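Contents: one structure, followed by commentary.
The values are calculated or read from the model by the stated rules, or taken from the named source; none is laboratory data. Being a predicted model, the structure only gives us computed values, none of them experimental. So basically every Cβ, Gly included, is an ideal-geometry build from the backbone, and we count neighbours across all protein chains shown.
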Amino acid sequence: MIRLRSRLAGLAAALLFALSASAQSAPDPALMRLGNGIAAIAEGEIITVEQLRRELEPIVPRLRVEARNEQEFAERLDRLSREVLQNMIDRIIIVKAAEEKGLLIPQSYIDQEYDEVIAGDFGGDRGRFLEFLRAQGKTPREFRQDLYRRVVVNVMRQENRRSESEISPERIESFYVENKIRFYQNEAVRLRQIILSSVADEGLPVLRQTARQIMSELEGGTNFGDLARKYSQDEMSRRGGDWGWIERQDLRQELSDVAFELEAGEYSRPVELGDTIFILYVEEKREEMIQPISMVREVIEEVLIGEIARETQERWLNELRNEAYIRTFI
């Protein structure tokens, strides 16, 4: 079919006016005319500017906060408006494609989704839910229809997102060569710490005595994690002092110099910094390097599968758009 296109010239200004005017106590005649205007027609179904405004309304406050000035706000609103209108058009043509395909969504599934919205978003209060619908200018039947469409669109998108294509070793290797910098890893250690801090008027002498006791138990073969749970005075003590993977810049130099000199499975002598004592233990070490392809093959496969799925879905959407009758008016 013939697809008619028109630019969305002035859309940002018109919608900005509509959104700001909607907050006034009395409706503006221009806003009323704008609200009744037609934004687009897709497969015989009308999308009004008012419908578009309602889709945009929850997003606009965040957009205004993030924009540095009015010009940037207007430009971002214009781009967003184009995207939202396109999404609204896409929903219509996807639902039509589903109907032509004979896709059937059980009514029981829609009923379940409907009840979950009321339970999850409105605490099970149907009165609040109905008030929300009235504020949106919708009936429960219209809301159920919108819900049905959302479910259909999600099902259709999922079906067309799947890709059975196998990723060839050549493609994986090519991606690796072209994106090696993405697989760079800094030097790091898997670090556990026992941290002793003064409580009340204990002072360093008491902490040093505790540290000597800990060192004695470590030399006797006691597990470092168990000692961290017993002695350490920080939030990681419950996890056996496990701080996870740490890079040099994540630690104070006095500690990083000690930690990165240790080999895997070694613990340090007590390190005093101010009125706190640290005992460090390195479980594993990771060298600075570009990770070999054998280590990142699965990651690359996931990336490539995602790219293929997006390309497949975009082709599918473009085919639907090209076959549909679409006309925009703003």
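Taking GLU314, is it at pLDDT 90 or above and either part of a helix (DSSP H, G or I) or more than 30 Å from GLU50 (Cα to Cα) (or both)? Talk me through it step by step, then tell me what you get.
Working: at pLDDT 90 or above: no; either part of a helix (DSSP H, G or I) or more than 30 Å from GLU50 (Cα to Cα) (or both): yes.
Taking the combined requirement at face value, the residue does not satisfy it.
Out of all the residues in the stretch 49-68, is one or more crowded, with 16+ Cβ neighbours inside 10 Å, more than 25 Å from the chain's Cα centre (by Cα), β-branched (Val, Ile, Thr) and assigned by TED's automatic domain parsing to the domain that holds ARG321?
yes
For the stretch 182-201, give me each residue that is out of contact with any helix residue (DSSP H, G or I) (no Cβ under 6 Å at 6 or more places or on another chain), outside any strand (DSSP E or B) and in contact (Cβ under 8 Å) with a residue 60 or more places away in the chain.
The answer is ASN186, GLU187, SER198.
Looking at this structure, is LEU262 in contact (Cβ under 8 Å) with a residue 60 or more places away in the chain and either farther than 30 Å from ILE89 by Cβ or under 28 Å from the mean Cα position of the chain (by Cα) (or both)?
The answer is yes for LEU262.
Would you point out the residue of the stretch 105-164, among those that are touching a helix residue (DSSP H, G or I) at 6+ places or on another chain (Cβ under 6 Å) and β-branched (Val, Ile, Thr), that is farthest from GLN86 (Cα to Cα)?
Looking at residues that are touching a helix residue (DSSP H, G or I) at 6+ places or on another chain (Cβ under 6 Å) and β-branched (Val, Ile, Thr), I get ILE118.
How many of the residues in the stretch 265-292 are in a loop (DSSP other than H, G, I, E, B) and without any contact (Cβ under 8 Å) to a residue 40 or more places away in the chain?
Adding up the residues that qualify gives 5.
Just to check your reading of the model, which residue among ASP234, ASP226 is acidic (Asp, Glu), in contact (Cβ under 8 Å) with a residue 40 or more places away in the chain, outside any strand (DSSP E or B) and surrounded by 12 or more Cβ atoms within 10 Å (Cβ to Cβ)?
Criteria check complete, one pass: ASP234.
Pairs under 8 Å by beta carbon, first residue more than 10 Å from ASN160 (Cα to Cα) in the stretch 307-330, partner in a helix (DSSP H, G or I) and of a type in the set (Asp, Glu), six or more apart or different chains?
Between residues of the stretch 307-330 that are more than 10 Å from ASN160 (Cα to Cα) and residues that are in a helix (DSSP H, G or I) and of a type in the set (Asp, Glu), the close pairs are LEU320/ASP90; ARG321/ASP90.
Here are the criteria: (1) in a helix (DSSP H, G or I); (2) more than 21 Å from TYR184 (Cβ to Cβ). Tell me which single one GLU301 does not satisfy.
Against the list (1) in a helix (DSSP H, G or I); (2) more than 21 Å from TYR184 (Cβ to Cβ), GLU301 comes up short only on (2).
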